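Heads up, the thing below is written out as structure tokens.
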Amino acid sequence: MEGKKGTILLLLLLLAMNAVFIFMHVNHYEFYIHPLARWNIPLLLNMSALTVAMLVSRKWRRFSITISILGMFLVAFRMWGLIMGWNYETIESPKGTETLVIKYRDAILGERTYFYQFYQSSRLSITMEYLTVLDLMVPNDEFDIYPNAKRTLGSDHPIWLSETEVKFHTKDGPFTLIIR
């Protein structure tokens, strides 16, 4: 009976933790301990909790099926990450009061197109808030002038107009970003 109570308590804790992750996602927050932490932390915690529940429970066969399914999702997620990998760059404001995180990737379809998403580091250093309205796509066919994503966006030389406003000289012209 003790194993059953422990398993139920662990699964309720897992449910509460997943509710927090869903709440963060709905409100446009992500983990930012490390760029790979975005989905790996919740997956690792879920896998660990379900493994412990499987070991504690007498009816481990039910949980082994769940673990196997989650393991397949983890492998599929990692493969997708290898195909559509994102890179991260962090830019600090002049006084260090704001941190802008730039998430970018590229796609090649005759020309290279860079996709940028912008995040503001939150008060908690382990999360960042997605600035939803500010996604940017910049096509690039001038590889000699704009050889990489940083140069194409102009993030190698950002111009801070204030602590909450930064201007980039992109390949397509100036782009001003206001951080909330």
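A few notes on this one:
- Within straight-line cross-link reach of LYS95, aspartates and glutamates at Cα separation under 15 Å, skipping those fewer than 8 residues along the same chain: GLU163, GLU165
- Estimated at 0.36 nm per residue, the fully extended path between THR66 and THR97 surpasses their Cα-Cα distance by 6.7 nm.
- FRET efficiency estimate (nearest 0.05) - Cβ-Cβ, GLU163 to MET17, R0 22 angstrom: 0.05
No value in this document is a laboratory result; all are computed from the given coordinates. The structure presented is a predicted model; accordingly, all values stated were derived computationally and were not measured. When we count neighbours, we look across all protein chains shown, and the Cβ atoms used for this are built from the backbone with ideal geometry, even at glycine.
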